[in-house]
């Protein structure tokens, strides 16, 4: 079961690390408008939000296993609480630069869904381990 938790922690951290890498690679990810400068700025805001959120909970730069001091339930909650800012509102229009929009690209929803999948996989693993030990 310990290995299952270790793998779950690694999966959760890797999910965020992969998003950071995706936004760092130089490609423009924002598809909300045609203006490349605005899309670049939007991607930069998303990247900064991801990096700052991940750093604040101690998962960026990506730590190496065995993830000492990390508890899975707490970590998943912290990851779910990362706020991702972007510069476009849900209608695809630039928001007021003094008040950026939240989650317009759906990344927060995607992160929450990924954390749920990790939790559900661990629940299945724990049930299988329980059955083996009976």
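Looking across segment 93-134, just one residue is over 24 Å from residue 20 (Cα atoms), at pLDDT 70 or above and surrounded by 16 or more Cβ atoms within 10 Å (Cβ to Cβ), and that is 122. Residue 6 meets each of the listed conditions (1) touching a strand residue (DSSP E or B) at 6+ places or on another chain (Cβ under 6 Å); (2) assigned to a helix (DSSP H, G or I); (3) touching a residue at least 60 places away in the same chain (Cβ under 8 Å) apart from (1).
Looking across segment 49-62 at every residue that is part of a loop (DSSP other than H, G, I, E, B) and in contact with a helix residue (DSSP H, G or I) (Cβ under 7 Å, 6 or more places away or on another chain), the one that is farthest from residue 106 (Cα to Cα) is identified as 62.
Taken residue by residue, segment 66-78 has at least one member that is modelled with pLDDT of 95 or more and in contact with a helix residue (DSSP H, G or I) (Cβ under 7 Å, 6 or more places away or on another chain). The number of residues in segment 22-48 that are surrounded by 17 or more Cβ atoms within 10 Å (Cβ to Cβ), part of a helix (DSSP H, G or I) and touching a helix residue (DSSP H, G or I) at 6+ places or on another chain (Cβ under 9 Å) comes to 4.
Taken as a whole, the structure places residue 11 among residues that are more than 21 Å from residue 103 (Cα to Cα) and under 12 Å from the mean Cα position of the chain (by Cα).
The values are calculated or read from the model by the stated rules, or taken from the named source; none is laboratory data. Worth saying up front: this structure is predicted, and the values here are computed from it rather than measured. Cβ: placed from backbone, ideal geometry, glycine included. Neighbour counts: every protein chain shown.
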